[in-house]
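Notes for the one structure printed next.
The values are calculated or read from the model by the stated rules, or taken from the named source; none is laboratory data. Worth saying up front: this structure is predicted, and the values here are computed from it rather than measured. Because the Cβ atoms are built from the backbone with ideal geometry, glycine has one as well, and the counts that use them run over all protein chains shown.
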Ligand SMILES: [Zn+2]
């Protein structure tokens with residue numbers, strides 16, 4: 001996946017970074033195979049000025065890391081997490097509304113009323 005800027009905000013919240021090069025200061029190499037990351041491995045999926053979320057995909061072993069970078073008056077903090085999600089998956093689920101209790105109860109009722117069908121589906 002090539003480096004792309006997915007989302008940008010208004011000029012007031014323009015990122016202090018114009019590209020993903022700063023990510024490479026925080027995650028230099030793949031934790032699985034030690035391949036050195038370059039811009040081409042980074043995909044900016046969220047950019048709100050002081051906060052960015054960047055997906056990094058290793059071209060050697062397909063290991064994926066999602067990194068959150070936050071810039072404050074105290075400095076820059078980063079948090080990287082291994083993920084099995086693609087950049088597209090993260091964007092897709094980011095815009096979904098959270099489940100409500102009634103959704104869970106409805107799903108429980110659906111399962112309860114159709115127990116035999118679900119067991120049959122799961123055992124195939
Ligand atoms: Zn790798």
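Pick from segment 46-65 the residues that are in a strand (DSSP E or B) and within 15 Å of the ligand (Cβ to nearest atom): which of them is farthest from residue 34 (Cα to Cα)? Lay out the reasoning, then the answer.
We begin by selecting, within segment 46-65, every residue in a strand (DSSP E or B); these are 46-48, 51-57, 64-65.
From the residues that got through so far, the ones that are within 15 Å of the ligand (Cβ to nearest atom) too are 55-57, 64-65.
Numbers: 55: 17, 56: 13, 57: 12, 64: 13, 65: 13 Å.
Ranking the candidates gives 55 first.
Within segment 1-45, which residues are under 24 Å from residue 93 (Cα atoms) and at pLDDT 85 or above?
40, 41, 42, 43, 44, 45 - these are the residues of segment 1-45 that are under 24 Å from residue 93 (Cα atoms) and at pLDDT 85 or above.
Check residue 72 against each of (1) more than 13 Å from the chain's Cα centre (by Cα); (2) modelled with pLDDT of 90 or more; (3) more than 16 Å from the ligand (Cβ to nearest atom) and name the one condition it does not meet.
(2)
Give the residues of segment 32-45 that are away from the ligand (no atom under 13 Å from the Cβ) and exposed (fewer than 14 other Cβ atoms within 10 Å of the Cβ), sorted by residue number.
First pass over segment 32-45, keeping only residues away from the ligand (no atom under 13 Å from the Cβ): 39-40, 42-45.
Scanning segment 32-45 gives 39, 40.
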